[in-house]
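The values are calculated or read from the model by the stated rules, or taken from the named source; none is laboratory data. None of the values given here were measured: they were computed from a predicted structure. Glycine also receives a Cβ, built like all others from the backbone with ideal geometry; neighbour counts cover every protein chain displayed. Note: areas computed on protein heavy atoms with side chains; ligands, DNA, RNA excluded. Shrake-Rupley method; radii C 1.70, N 1.55, O 1.52, S 1.80 Å.
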Amino acid sequence: MKPYGNFKKGILNIGEAPGEQEDATGKPFQGRAGRALQQAYSEVGIDLFEDCLNINAVSCRTMDNEGNNRTPTNQEIAHCRNRVFNYINKYKPKIIVLLGSSAVQSVIGGRWKKNLGTITKWRGWAIPDREFKAWICPTLHPSYVIRQSDAPEVYTVWMQDLQRISDLVSTQFPTFEDESKYVKIISRIEMVNVLNKLMTSDKIFIDVETTGLKPYNKDQHKIVCISICNAKNNVYVLPAPETDEELDALKQLLENPNVGKMAHNMKYEDTWLKVMYNINVNPWIWDSMIASHVLDNRTEISSLKFQVYINFGIADYDSAIEKYLHGIDDKNANSPNKIMELVANPIKRKELFTYCGLDSLFGYRLALKQKELIEC
């Protein structure tokens, strides 16, 4: 089934799979669900077939043994993913609307290395996806909205999503750059001077990379590196302090009451720094994970990686590192991970330190954005 629509507003709709009527006509969104989408779009100023291009996550109709429509399997979606990506690259849409979980699986699932979840996790976001240079807007499939006719709040939420899509037509896609150039990996010789210089900052964002989840067994665990971001375009990554002079400089910075401290899940950084270095971080002024909950209380949306994707459009900057951060003993959640394998390799060590720096850099930017939304 070929793409269908005149694409005047640069909107690409991706549905689930052709139904009986679509299969017969060779055009997407021809059945009851298509008519519902056409009517809903018209209410927010979008013509489904004039303003949009329309395809499905799966090219062919998927049926059960009785000949009824069924949801495509992940394998079927994967087989058709290249076709979907080829259409995106060919037509270069401004907005990609993902209608339902199958469309999310098609466009995001192949690049999102963590728990994908369902459409309820993804709907409502306007994601500035850097790879496709397009806004990705997941929302409910019209067939689901039809089935929930006795729940008017579902229709209300759906229409809010579609209005957001309509508003994006006149919204310029943001310009991005490679943020890794702002990561400054500091040698041990420079450490004290850098920490002293950071004393003039009004706020900093902290991230630590460690050998495990909890620091209480000092014979097994340690901090490997610490990143400190003090501006949108500046972050330092330090090796774990070893000398008294280095520890004292770090302690003075992190206990300085005039420098506000931020983190994503600050309990983690607070605990590790207290147990390992006897540092009582003061004052904590922002936890971007808690702020994520305040802004949207859905489950599975508060991790830093998810927030970085939906806010800054990077679907994956940690997969090369993440696999080393799991404990080697599946039966012991706090068993040592394999991070020291990265440290032992100069190239991998740089990747690890850059990853740590990006966590703080994106966390800092996220915190600033959250503060504006919450008006703090």
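Please work out the Kirkwood hydrodynamic radius for segment 81-167, using every pair of different C-alpha atoms, and report it in angstroms with one decimal place.
Numbers: mean 1/r = 0.0740 Å⁻¹.
Value: 13.5 Å, from the Cα pair sum.
So how far, in whole Å, is the C-alpha centre of segment 323-366 from the one of segment 122-174?
With segment 323-366 and segment 122-174 each reduced to a Cα centre, they are spaced 35 Å.
Is there a quick way to get the dipole size of the chain? I mean about its Cα centre, with the Cβ of Lys and Arg at +1 and of Asp and Glu at -1; what is the value in debye to the nearest 20? Each step should come with its number before you reach the end.
Values: 46 positive and 46 negative charges, 143 e Å.
Using only the charged Cβ atoms, the result is roughly 680 debye.
So what is the orientation-averaged projected area of segment 32-131, using the convex hull of its C-alpha atoms, in nm²? Provide the component values of the computation, followed by the final result.
On the way: hull surface 30.3 nm².
Orientation-averaged projected area of the Cα hull: 7.6 nm².
Considering the options 272, 347, 55, tell which one lies farthest towards the positive end of the dipole of the chain, charges being +1 on Lys and Arg and -1 on Asp and Glu at the Cβ, about the Cα centre.
55
Using unit Cβ charges (K, R positive; D, E negative) and no other charged atoms, how large, in debye to the nearest 20, is the dipole of segment 157-258 about its Cα centre? Numbers along the way, then the final one.
On the way: 11 positive and 16 negative charges, 21 e Å.
Result for segment 157-258 is approximately 100 debye, rounded to the nearest 20.
Is it possible to state the helix-based mean residue ellipticity at 222 nm for the chain, with each DSSP H run of 4+ residues giving -39500 (n - 2.57), the sum divided by total residues, to the nearest 500 deg cm²/dmol? What is it? Don't jump to the answer; show the numbers that get you there.
On the way: 15 runs with 156 residues, N = 376.
Counting only the DSSP helices, I get -12500 deg cm²/dmol.
For the chain, state the average projected area of the convex hull of the C-alpha atoms over all orientations, rounded to one decimal in nm². Spell out each step's value before the answer.
Working: hull surface 85.6 nm².
One quarter of the hull surface, i.e. the mean projection, equals 21.4 nm².
Please report the antiparallel percentage of DSSP beta bridges with both residues in the chain, rounded to the nearest 5. Walk me through the intermediate numbers first.
Values: 17 of 40 bridges.
Taking every DSSP beta bridge with both residues in the chain, the antiparallel ones total about 45 percent.
So how do 80, 229 rank on accessible area, 1.4 Å probe, biggest first, that is with the largest at the start?
Largest accessible area first, the list is 80, 229.
Between the helical axis of 152-168 and the dominant principal axis of the chain, each derived from Cα atoms, what acute angle in degrees is found, rounded to the nearest 10?
The answer is roughly 80 degrees.
May I ask which residue of 250, 281, 306 lies farthest towards the positive end of the charge dipole of the chain, with charges of +1 (Lys, Arg) and -1 (Asp, Glu) on Cβ and the Cα centre as origin?
306
For segment 30-83, what is the Kirkwood estimate of the hydrodynamic radius, computed as the reciprocal of the mean inverse distance between distinct Cα atoms, to one decimal in Å?
On the way: mean 1/r = 0.0764 Å⁻¹.
Every distinct Cα pair counted, the radius reaches 13.1 Å.
Of 107, 19, 91, whose Cα points farthest to the positive end of the dipole of segment 1-112 (charges on the beta-carbon: +1 Lys, Arg; -1 Asp, Glu; origin at the Cα centre)?
Working it through, the farthest residue towards the positive pole turns out to be 91.
Per q in 0.12, 0.21 Å⁻¹, report the Debye log10 I(q)/I(0) for segment 227-361, using one uniform scatterer on each alpha carbon and no solvent.
Taking Cα atoms of segment 227-361 as identical point scatterers yields -0.57, -1.59.
Per the 1.4 Å probe, what fraction of the accessible area of the chain, in percent, lies on carbon and sulfur atoms? Write out the running numbers ahead of the final one.
Working: 8670 of 17860 Å².
Carbon with sulfur: 49 percent of the solvent-accessible area.
Per residue, how much accessible surface does the chain expose to a 1.4 Å probe? Answer in Å², no decimals.
Values: 17860 Å² over 376 residues.
Heavy-atom SASA per residue in the chain reads 47 Å².
Rank 182, 41 by accessible area, highest first, at a 1.4 Å probe radius?
Numbers: 182 40, 41 0 Å².
Putting 182, 41 in descending order of accessible area: 182, 41.
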